[in-house]
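The next block holds one structure in the form of structure tokens; read it before the comments.
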Amino acid sequence: MAEDRLINLLSPAKAQTEVFKWIRSKKGEIWDENSEIVDIIHFIREDVKELRQNRELMEALKTVDRGSFDAVKFLCDQYNSAIRKLWDEWANSGAEPSFLNQRASKPHVQFILLQCYNRAVAEPDKLNQYPPFSPQVYGETSFELISQMIETVTISPDDSFIDLGSGVGQVVLQVAACSDAKFCVGIEKAEYPSACAASLDKEFRRWMSFYGKSYRPYVVSLQWF
């Protein structure tokens, strides 16, 4: 049996290092799980101004073969080396990096929620399984629709956001990441979506920590109001 091929990716915020298991593929075949590694570096580069000035990393991102383990690992090695140097620069200057503890951009939040969903919801088809004639009907709201709501309705630091029938909790997490809400709450009584929400919660906190991004206080997966 062939050994697992692993790729390490450092957190720009010095959180836990992420380790990715490369999925073996045929020539020309690109798996989403492998391609995601490149996307993560893309969003970090967009967020960290010092990395945006790194021409070598920019060119490597543009030209990397997402289906090649060697190419993606080389890109990750370049990124890891660059971020280590920045850690030293930030430490020597005593200045906090400008990206740290700031709100993530809207495209970045959308990507983070996708990362979390893919890891937390193992069986998406089960979300639509409920007893006949039951009032429990599962449905998901689009990211763009919630973005429009946040932009249209002013959510102040004095406001709390409550989602009744919150499913796996993406809406609650989006509002927590993109608004000034005082507190966000998601309530879901259906067993499987509620269990997924608990997993999504853990993934969200982990990835927001990895990227060094801020969010408002929230709780999801409560089964009863």
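No value in this document is a laboratory result; all are computed from the given coordinates. Here the structure is a predicted model, which means the values were calculated and not measured. Every residue, glycine as well, gets a Cβ built from its backbone with ideal geometry; the counts of neighbours run over all protein chains shown.
Looking at segment 156-184, which of the residues that are among the hydrophobic types (A, V, I, L, M, F, W, C) and surrounded by fewer than 19 Cβ atoms within 10 Å (Cβ to Cβ) is nearest to Q102 (Cα to Cα)?
By that ranking, first place goes to F183.
Does A95 count as among the small types (G, A, S) and touching a helix residue (DSSP H, G or I) at 6+ places or on another chain (Cβ under 6 Å)?
no
May I ask you to list the residues in segment 11-46 that are touching a residue at least 60 places away in the same chain (Cβ under 8 Å) and over 15 Å from the mean Cα position of the chain (by Cα)?
Across segment 11-46, the qualifying residue is only K14.
Return yes or no: is K85 in contact with a strand residue (DSSP E or B) (Cβ under 7 Å, 6 or more places away or on another chain), part of a helix (DSSP H, G or I) and either touching a residue at least 12 places away in the same chain (Cβ under 8 Å) or over 19 Å from R119 (Cβ atoms) (or both)?
So K85 fails the test.
For segment 54-77, name all the residues that are within 13 Å of I37 (Cα to Cα) and among the polar types (S, T, N, Q).
The answer is S68, and nothing else.
I need a count of the residues in segment 174-199 that are hydrophobic (A, V, I, L, M, F, W, C) and touching a strand residue (DSSP E or B) at 6+ places or on another chain (Cβ under 7 Å).
9
What are the residues in segment 26-82 that are crowded, with 19+ Cβ neighbours inside 10 Å, out of contact with any Phe, Trp or Tyr (no Cβ under 9 Å at 6 or more places or on another chain) and within 15 Å of S11 (Cβ to Cβ), if any?
Y79, A82
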